[in-house]
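Reading through the structure tokens given below for one structure.
The values are calculated or read from the model by the stated rules, or taken from the named source; none is laboratory data. Every value quoted in this text rests on a predicted model; they were computed, and no experiment measured them. A quick note on method: Cβ atoms are made from the backbone with ideal geometry, for glycine too, and the neighbour counts reach across all protein chains shown.
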Amino acid sequence: MLLHYAQNSRAVRVAWLLEELSLPYTIKKYKLGDREMREESYKKLNPLGRVPTLEDGELTISESGAIIQYIISKYGNNQFIPEINSKEFPSYLQWFHYAEGMIMPQMNIIVVETIFLPPEKRNEVNLARANKLLSKMLDVVEKNMENKNYLTGEFSAADFMTGHAVIMSKNLGIDFSDKPFLESYIKRLLARPALNKAWSL
């Protein structure tokens, strides 16, 4: 498998899973905003010119959540997914999708307004609103993490998705002083060797 990867991107989620499963893979490394990702050769793989993209033989797949589900289904024997009839399964589904549905849209606005746009084009109202909404989205995760080590109790694929998003929120400078359970959760995730390897590729 070939993973198209950039540090501090959603591609870390995929590399993290591959490391947890001890699967062999290679990476093609980019920097965020790299011009090479906008070239036609790459856009044939991912029309949006983003990472992650996974090539597995004749198959090409993008979107981090889809890649994670594909790898777990094909190579992971459904490891990191609760049994479908278990009481944890609905919660797992919620937290697996919470990252992209609730957290990342606000993070995307913050990144654009603070990194990608030149100062004269930034909108402080948009930025303030995104920061406020992101903090509210994280409050929901904080409440869930009371008396839990991971999002659904046991470590699951939801942690690759929403756990990664929580860490990225902290890295963006969101105030976590009122989120002690998330602080502990982040430390717990970062103590996993597979995540450390994935983040430093």
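Tabulated data for the structure shown
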read-out	value
First in segment 134-157 and more than 18 Å from Lys170 (Cβ to Cβ), second anywhere and modelled with pLDDT of 95 or more and of a type in the set (Val, Ile, Thr), Cβ under 9 Å, 6 or more apart	Ser156/Ile81; Ala157/Ile68; Ala157/Ile72; Ala157/Ile81
Residues satisfying the stated conditions in segment 83-95, i.e. touching a strand residue (DSSP E or B) at 6+ places or on another chain (Cβ under 8 Å) and in a helix (DSSP H, G or I)	Ser91, Tyr92, Trp95
Asn131 being assigned to a helix (DSSP H, G or I) and over 15 Å from the mean Cα position of the chain (by Cα)	yes
Boolean, Lys187 is over 28 Å from Glu83 (Cβ atoms), surrounded by fewer than 16 Cβ atoms within 10 Å (Cβ to Cβ) and of a type outside the set (A, V, I, L, M, F, W, C)	yes
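Per-residue answers, yes or no, for (1) more than 16 Å from His97 (Cβ to Cβ); (2) touching a Leu at 6+ places or on another chain (Cβ under 7 Å); (3) among the polar types (S, T, N, Q):
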position	(1), (2), (3)
Glu36	yes, no, no
Glu40	yes, no, no
Pro47	yes, no, no
Pro52	yes, yes, no
Ser64	no, no, yes
Gln69	no, no, yes
Gly76	yes, yes, no
Pro82	no, no, no
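The rows are residues; the columns are (1) buried (at least 17 other Cβ atoms within 10 Å of the Cβ); (2) assigned to a strand (DSSP E or B); (3) in the same structural domain as Leu138 (by TED's automatic domain parsing).
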{"site": "Pro24", "(1), (2), (3)": "no, no, no"}
{"site": "Met37", "(1), (2), (3)": "yes, no, no"}
{"site": "Leu48", "(1), (2), (3)": "no, no, no"}
{"site": "Val51", "(1), (2), (3)": "yes, no, no"}
{"site": "Ile67", "(1), (2), (3)": "yes, no, no"}
{"site": "Ile81", "(1), (2), (3)": "yes, no, no"}
{"site": "His97", "(1), (2), (3)": "no, no, yes"}
{"site": "Met102", "(1), (2), (3)": "yes, no, yes"}
{"site": "Asn108", "(1), (2), (3)": "no, no, yes"}
